[in-house]
Each structure stands twice: as C-alpha cells, then as structure tokens.
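Here, each number is a calculation from the coordinates, and none is a lab measurement. Since this is a predicted model, take the numbers as computed values, not measurements. Positions of Cβ are generated from backbone atoms using ideal geometry, with glycine treated the same way; all protein chains shown enter the neighbour counts.
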C-alpha cells in the first residue's frame, strides 16, 4: 500500500486547517454521517462537541453508544441536546423549543469563540435556521469567524443558500427509495 504522505490526495499542510461541512437533503443519513465523522475524530484524539438541535429524550442509539465509550474517549466528547422529545415543525414550535435551541446555540457559540474543540457538529442546525429558531445572519457571522483549525459540521434538511455558499464541503443526500414508502416504521438501531 502506498504511503499516505506520498499520496497526492493527502497534504499535511491542509490537514491542520478546519473546514465547514454541510450534510443536507431529504434523504436519510445526515446525522449518521456526522456521527461517523465524530467517531473518526475521537479515534484521532480530537475533542468533539455535538449539539443536537430539535432533539430531546434519551431513546437514541447514538447517545447510548457514546455513553459506553472508554473513559479516555468519553472525556473528549460532549453532547448537548437542545430540544424536546418530539419532532418540531413550523406549526408546533413552543416557547420551550425556542428556549432549548437558544441554550444549545449559546453553548456552541461559546465553544467556537473559545476554541474548545477540534470538531463541532451542529446536528439539525439547518432545520433550526429554517424555522427561524437560530438567526441565519448570526450563524453566518459565527462560521466566518471560527478558529482556523476548527472543523464545523451542520446537518439537516433545507440548508440555506448562504450556508452552502460559505461551506467548503456540501453533501446533499437525496432519497432514491425508502422503506417508509411501503409502511416500514422507524426502527431502533437504524433510525434511532
């Protein structure tokens, strides 16, 4: 196998730089992709913050998995749930939703400003922005002024054009076929 240092795709100079990634689209797998990235970063000794906007409750397989990490890795990851235990739509936004999302956003902003993590995942941030629960201009300002070596990931449907424009990597996950269309409900271990 060819040495990674001689591979033209690997450049150590750019591996020290942090970028903005966006996982969006109507397909399944945006959060899953970001959490896979979190595991990869933890495996390299990075400090990771995951803020889960619009997601509360404890019935998520990923929360259980992260809680079972070895002590060394547990000390390198922080998960903040910034939502109620339900799906948020424009018609059902409550004052409690607004409060929890703002609290999560404040944690994220402070962590970015203080350069506390190498990877910050803002799970469902695109949804929170789309629902006007996080101010788009404020998000853009925070992203534009992030520490140079910090990687930030935003997930969720309906990513705003302005977010896509400043991102360095954008993956749009499109549904080609989904078993929900034939009546299969969400399954533990797969969807949550």
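For the chain, find the longest principal axis of its Cα atoms and tell me its angle to the long axis of helix 30-43, 0 to 90°, nearest 10.
40
Given points 7 Å out from each Cα along the Cα-Cβ axis, report the residue 191 to residue 69 separation in nanometres with one decimal.
According to this spin-label approximation, the distance is 2.7 nm.
Using helices alone, what [θ] at 222 nm do you get for the chain, with -39,500 (n - 2.57) per DSSP H run of 4 or more residues, divided over all residues and rounded to the nearest 500? Please list the in-between numbers first.
On the way: 8 runs with 69 residues, N = 192.
Estimated from H runs of four or more residues: -10000 deg cm²/dmol.
Please check: in the Gaussian network model of the chain (C-alpha springs, under 10 Å), which one of 50, 121, 79 has the largest mean-square fluctuation.
Taking springs between Cα atoms under 10 Å, the residue moving most is 79.
Return the whole-Å distance between the Cα centroid of the range 119-144 and the Cα centroid of the range 147-192.
Each part reduced to its Cα centre gives a spacing of 14 Å.
As a footprinting exposure proxy, order 40, 157, 187 by other Cβ within 10 Å, with the fewest listed first.
Numbers: 40 12, 157 16, 187 9.
Going from sparsest to densest Cβ surroundings: 187, 40, 157.
Starting with the fewest neighbours, write out 149, 123 ranked by other beta-carbon atoms found within 10 Å of each beta-carbon.
On the way: 149 12, 123 30.
Ordered from fewest to most neighbouring Cβ atoms within 10 Å, 149, 123 come out as 149, 123.
Taking a ≥ b ≥ c as the square roots of the Cα gyration tensor eigenvalues, with a/c under 1.5 meaning rounded and otherwise prolate when a/b beats b/c, else oblate, which class fits the range 103-192?
prolate
In degrees between 0 and 90, to the nearest 10, how far off the longest principal axis of the chain does helix 95-113 point, with axes built from Cα atoms?
10
Under 16 Å from a label point 7 Å along Cα→Cβ of residue 94: give me every residue in the range 48-68 with its amide N that close.
Under cut-off, by backbone N: 54-58.
Could you sort the peptides 89-101, 127-139 by per-residue average Cβ neighbour count (10 Å cutoff), highest mean leading?
Going from most to least packed, we get 127-139, 89-101.
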